[in-house]
Number of protein chains: 2
Amino acid sequence: MTEGLAQVLEAWRGVVGAEHVLTDPAALSSAQSATFATSSRVPAVIRPGSREEVRACVRVANEHRSPIYPVSTGKNWGYGSRVPPADGCVLMEMRRMNRITDYDEKLAYVTVEPGVTFRQLYEFLREKGSNLMVSVTGSTPDSSPVGNALERGAGSGPYADRAAHVCGFEVVLPTGDMVHTGFGRFPGATAAKLHRWGVGPHLDGLFAQSNLGIVTGMTMWLAPMPDYFQSCFFGIDDGSRLVDLMDALQTLQLRGLFRAGLTVRNDFNVPVRMQQYPWEALDGATPMPPRLLERMRKGFWRDAWWSSLWIGWAELYHASREQALAERKLIEAALGDRVDRLVFVDEEDVTFSRWDAPDRAEAAAGYFDPGRDDEEIQGAPSEDNLRGVYWRKRTAVPDAMDPDRDRCGVIFCAPTVPYDGRHIVAALEIIKDSLARHGFEPILNIGCISGRAVQVTATITYDRDIEGEDGRALRCHDEMLRTLSGAGYVPYRLGIRSVGLLPEPVDDSDRLLDTLKKTLDPNNILAPGRYGLGVKTQVKE
Amino acid sequence: MTEGLAQVLEAWRGVVGAEHVLTDPAALSSAQSATFATSSRVPAVIRPGSREEVRACVRVANEHRSPIYPVSTGKNWGYGSRVPPADGCVLMEMRRMNRITDYDEKLAYVTVEPGVTFRQLYEFLREKGSNLMVSVTGSTPDSSPVGNALERGAGSGPYADRAAHVCGFEVVLPTGDMVHTGFGRFPGATAAKLHRWGVGPHLDGLFAQSNLGIVTGMTMWLAPMPDYFQSCFFGIDDGSRLVDLMDALQTLQLRGLFRAGLTVRNDFNVPVRMQQYPWEALDGATPMPPRLLERMRKGFWRDAWWSSLWIGWAELYHASREQALAERKLIEAALGDRVDRLVFVDEEDVTFSRWDAPDRAEAAAGYFDPGRDDEEIQGAPSEDNLRGVYWRKRTAVPDAMDPDRDRCGVIFCAPTVPYDGRHIVAALEIIKDSLARHGFEPILNIGCISGRAVQVTATITYDRDIEGEDGRALRCHDEMLRTLSGAGYVPYRLGIRSVGLLPEPVDDSDRLLDTLKKTLDPNNILAPGRYGLGVKTQVKE
């Protein structure tokens, strides 16, 4: 430990207490671990317990020119977990700041600190007997709604575009100054948690996917429970129908159907959640041949639902059963001829609007569970998706999953693509080609987040314990991201090492971002390099 | 003309051509006229014709330290029209930049320059045979969608929260640098016009209600025409029912009904649009006594629709008739007992869900015109609302209305209020009290823009040709805004002279805004004082 580090740690101990400044090897090793290879060293972990402690820590960081990397709960799996993009940053963990500081049932919001988790928020609302639901992430229930919203992660339910349903950020600036976005800067402003824009320039966007401030509080709007809820599933067997299907879905979504968005996944998405890689059957070879997948899913699912090549899934939230059935009719009319299977599941029934093998429909009904979705409707977060990151592991999926610890390899690449069948297929082709050439299964997800754009997510999953796999996966990711961005499909979200893979801007944006970073963080102490800000600054000096 | 001014004008002439640099008294006098008293002098008007000319003009402004005040079409009536908040700014009018530079029917957007008007955009779409509609302003069809979106004006239709339905700003910074917000900074980014957030910090908000850049292009999303359209009208006679009514509306809106928002207006809103002040009958006295209003409306409307004390109006956009009727049923159930009148009007019928005098319902049907709304559905902008600004004039409403020229007095005060009946009534009481004490009619509008907040708009309207009225109106406005803000009801939008009336922030926001302004506009040449930025900077130096 250098003398400088010892001094700054001492100063931080004075702020947060010695027990919240960690330097033991286990803590540091854990802080340096992500779901892919990283090289940044973390000299210490500090855990402030309040907004004022955050401010004091930031002032110390400035005095000592010691950079810090704040994370909420640090579950940014697949994008870098808790690991800072730059070497030598002290990790600032906010998980002690886990208070739900405001809740209003009528006006439907909560105000939370960054250490609050989805699980905690869900349980809080159920305990209150609330009629409101959280838009949850597909990742672990132990992740942070604040962290996820700042990364613009997509959620579930009517407020799936989470970044559009939060407001009133409380922010500690890199200088230690404090600001509130929106109306919150005015004393007693009654609409501070109810209206995003405030008056004057709107600054929320400055603090998302950036390093221009530490968000220590945020208001999240909550949707009321639907009066009627149904799930819609559909599938196609022939990949050549995908263009037409996506175009039909776009039209529906633009017309205001599927208000909670929808998801279309390829066949490989299913086994990775249900089982692990058939290492023995394949004698250790990778990737898994598509033919085996076909055999496997047909055997497992007996030609039922999940035998589709592409599977669509939408949750539909309604104000009444009548409204729901009217909308169902519109979906049936638009999709009927474009899919091989179309099923609606509500509280009581499974309705087969279209089923390629009518004689097997009854058997298939067993796969759908009416009423099972109560928790999902209420926004209960689930760990089900997470199981997929253990797909290539040779060890069993543990009860308490922790992909960082368990050396699960996971890298996401998530380009934003026009909601146009041909564009979607073009982006998928780039992804499939990259994955195939580097020996990974195509695990693909099309997140239909609006009537105009989709987020295609490619998951590279592997076993970090197999030598050479880390390098292979990163090469695959880097090539894929470069090719996609070069073709105009730019990711909506970046991992800690991805910003350098984006094309050069056509305008003066880099200079503007550099100027903002230098002005707001003159000592470059806040998460240097995050989303590119602060590292380019250093390079140019 | 000073030598300095002569030099900078010469430089601008070199950029935009002599015919686009105006210094004649008529042009300057017009540029200095708003719908209330202002004192800023405008030494010249410049009219760039392209983005590159804007950049060159900005560079000239920096070289000569000559501040400019950019407006789109300059119809910011009631908030300051084209008049700069600071003295001595050259007006930069963008109306020559009136190109619609992109249009996509499938992905439902247009890209426009700031000089494009609502009328032009509407006609463009009709000419294309488009199935898309513009979210229009209630003001003149000659106003600018870009200008209005940057002011966060509310619109009509499903995309009424216009600021949430625009993206991809092309911005000339105060230094002359050029940036694109969202994905637009990357070459060939296919989702630049389809997804707001881009990757990294999201900067749209910096350029709205501010003076940190000149927006020279913007993408606006357009909603598809509804497959079924209906209007919903309702009214109450007893003011004590307003709290309960607003609460019921809030619940409906939060549940996803009234997706295009709705409006509740008081009785005085009707005569100001239909006739002018009864100067003769009142022997020149103001304000008009409520009793006269009551007599007038009862005589005129024969106890029919508009005799209500509060009148609600919602446009409902649906994906099918069946969906529409299902939603109508929910609205009927929630409002039936809370209103005296409730009427739905669709293409074919007028349906009286509730009517206090059933025997007169048939006569009342004449006031509703099924099918009349075709143009409204399509987003045709209308001048109907504008007539209200001539209410207090002694001259007749001209065919070509121009409130600046005609010395119509109009000042808006528009606080943001929680969507909670008691808060709404409390804000209304402050407004009514201010208006009454200063001798103005209470012309009130409750814009229900989301399930959580409303924008209450008070209109102070008067005749600028009557001596003393300018001063009285401004005193009324200033007192009203101060009282409202002090009670926590902060305006969502400010006139050019209002920023000083806001309370002091509780945090370091002013310092952050000052820092941003100083950094991005080191010579303070761009619209100094707009929304407070740049004037406070000067004051502190």
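The values are calculated or read from the model by the stated rules, or taken from the named source; none is laboratory data. Predicted model, so just to flag it, every value in this text is computed and none were measured. Here the Cβ positions follow ideal geometry from the backbone for every residue, glycine too, while neighbour counts run over all protein chains shown.
Computed values, structure above
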{"item": "Residue among B:Ser450, B:Ser485 that is of a type in the set (S, T, N, Q), in a loop (DSSP other than H, G, I, E, B) and farther than 20 Å from B:Asn76 by Cα", "result": "B:Ser450"}
{"item": "Residue check, A:Arg493 within 14 Å of another protein chain (Cβ to nearest Cβ), within 22 Å of the chain's Cα centre (by Cα) and part of a loop (DSSP other than H, G, I, E, B)", "result": "yes"}
{"item": "Residue within segment A:407-424 that is in contact with a helix residue (DSSP H, G or I) (Cβ under 6 Å, 6 or more places away or on another chain), at pLDDT below 95 and within 25 Å of A:Thr38 (Cα to Cα) present", "result": "no"}
{"item": "Residue that is farthest from A:Leu252 (Cα to Cα) [pool: residues in segment A:294-347 that are of a type in the set (Ser, Thr, Tyr) and at pLDDT below 85]", "result": "A:Ser307"}
{"item": "Odd one out for A:Val535 among (1) touching a Pro at 6+ places or on another chain (Cβ under 7 Å); (2) away from chain B (no Cβ under 14 Å); (3) surrounded by fewer than 23 Cβ atoms within 10 Å (Cβ to Cβ)", "result": "(2)"}
{"item": "Selection from segment B:506-517 of residues that are charged (D, E, K, R) and within 7 Å of another protein chain (Cβ to nearest Cβ)", "result": "B:Asp507, B:Asp508, B:Arg511"}
{"item": "Filter result (among the β-branched types (Val, Ile, Thr), buried (at least 24 other Cβ atoms within 10 Å of the Cβ) and within 7 Å of chain B (Cβ to nearest Cβ)) within segment A:180-202", "result": "A:Val199"}
{"item": "Conditions (1) in contact with a Ser or Thr (Cβ under 8 Å, 6 or more places away or on another chain); (2) of a type in the set (A, V, I, L, M, F, W, C); (3) crowded, with 22+ Cβ neighbours inside 10 Å: number failed by A:Met92", "result": "(1)"}
{"item": "Test for B:Asn76: is it polar (S, T, N, Q) and more than 24 Å from the chain's Cα centre (by Cα)", "result": "no"}
{"item": "Residue, nearest to the other protein chains (Cβ to nearest Cβ), within segment A:230-268, restricted to residues that are polar (S, T, N, Q) and in contact with a Leu (Cβ under 6 Å, 6 or more places away or on another chain)", "result": "A:Gln230"}
{"item": "Any pair with Cβ under 8 angstrom, 6 or more apart, that starts in segment B:20-36 at a residue that is touching a residue at least 40 places away in the same chain (Cβ under 8 Å) and ends at one that is polar (S, T, N, Q)", "result": "B:Gln32/B:Thr38; B:Gln32/B:Ser40; B:Ser33/B:Ser81; B:Ala34/B:Ser81; B:Thr35/B:Ser81"}
{"item": "Criterion violated by A:Met401 - all others in (1) part of a loop (DSSP other than H, G, I, E, B); (2) within 16 Å of A:Met480 (Cβ to Cβ) satisfied", "result": "(2)"}
{"item": "Residues within segment A:383-401 that are buried (at least 17 other Cβ atoms within 10 Å of the Cβ), out of contact with any Pro (no Cβ under 6 Å at 6 or more places or on another chain) and within 18 Å of A:Arg265 (Cα to Cα), tallied", "result": "3"}
{"item": "Residue count for segment B:443-463, restricted to those that are among the small types (Gly, Ala, Ser) and surrounded by 23 or more Cβ atoms within 10 Å (Cβ to Cβ)", "result": "3"}
{"item": "Answer residue from segment A:144-171, given it is facing chain B (nearest Cβ under 10 Å), more than 22 Å from A:Val456 (Cα to Cα) and hydrophobic (A, V, I, L, M, F, W, C) and is farthest from the chain's Cα centre (by Cα) among those", "result": "A:Val171"}
{"item": "Test set (1) closer than 29 Å to A:Val410 by Cα; (2) surrounded by fewer than 22 Cβ atoms within 10 Å (Cβ to Cβ); (3) within 14 Å of another protein chain (Cβ to nearest Cβ) - A:Leu481 fails condition number", "result": "(2)"}
{"item": "Those residues of segment A:463-483 which are in contact with a Phe, Trp or Tyr (Cβ under 7 Å, 6 or more places away or on another chain) and either of a type in the set (Lys, Arg) or closer than 15 Å to A:Lys393 by Cα (or both), in sequence order", "result": "A:Glu469, A:Asp470, A:Ala473"}
{"item": "Residues (touching a Ser or Thr at 6+ places or on another chain (Cβ under 6 Å) and assigned to a helix (DSSP H, G or I)) located in segment A:424-439", "result": "A:Ile430"}
{"item": "Lone unmet requirement of (1) under 18 Å from the mean Cα position of the chain (by Cα); (2) assigned to a loop (DSSP other than H, G, I, E, B) for A:Tyr122", "result": "(2)"}
{"item": "Qualifying residue in segment B:504-517 (condition: assigned to a helix (DSSP H, G or I) and within 19 Å of B:Val58 (Cβ to Cβ))", "result": "yes"}
{"item": "Answer residue from segment A:415-431, given it is away from chain B (no Cβ under 11 Å) and buried (at least 18 other Cβ atoms within 10 Å of the Cβ) and is nearest to A:Cys476 (Cα to Cα) among those", "result": "A:Ile431"}
{"item": "Selection within segment B:5-22 - part of a helix (DSSP H, G or I) and out of contact with any helix residue (DSSP H, G or I) (no Cβ under 7 Å at 6 or more places or on another chain)", "result": "B:Leu5, B:Ala6, B:Leu9, B:Glu10, B:Arg13, B:Gly14, B:Ala18, B:Glu19, B:His20"}
{"item": "Filter result for B:Val110 (among the aliphatic types (A, V, I, L, M), within 14 Å of another protein chain (Cβ to nearest Cβ) and not in a strand (DSSP E or B))", "result": "no"}
{"item": "Residue under evaluation A:Pro503, criteria (1) more than 10 Å from chain B (Cβ to nearest Cβ); (2) surrounded by fewer than 22 Cβ atoms within 10 Å (Cβ to Cβ), criterion not met", "result": "(1)"}
{"item": "Residue match in segment B:206-214 (condition: more than 7 Å from chain A (Cβ to nearest Cβ), farther than 25 Å from B:Met92 by Cβ and not β-branched (Val, Ile, Thr))", "result": "no"}
{"item": "Segment B:59-107, subset outside any strand (DSSP E or B) and β-branched (Val, Ile, Thr), residue farthest from the other protein chains (Cβ to nearest Cβ)", "result": "B:Thr73"}
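Here's the yes/no breakdown for (1) crowded, with 21+ Cβ neighbours inside 10 Å; (2) aromatic (Phe, Trp, Tyr); (3) assigned to a helix (DSSP H, G or I); (4) within 11 Å of another protein chain (Cβ to nearest Cβ):
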residue	(1), (2), (3), (4)
A:Glu441	yes, no, no, no
A:Asp465	no, no, no, no
A:Arg475	no, no, yes, no
A:Thr519	no, no, yes, yes
A:Pro528	yes, no, no, no
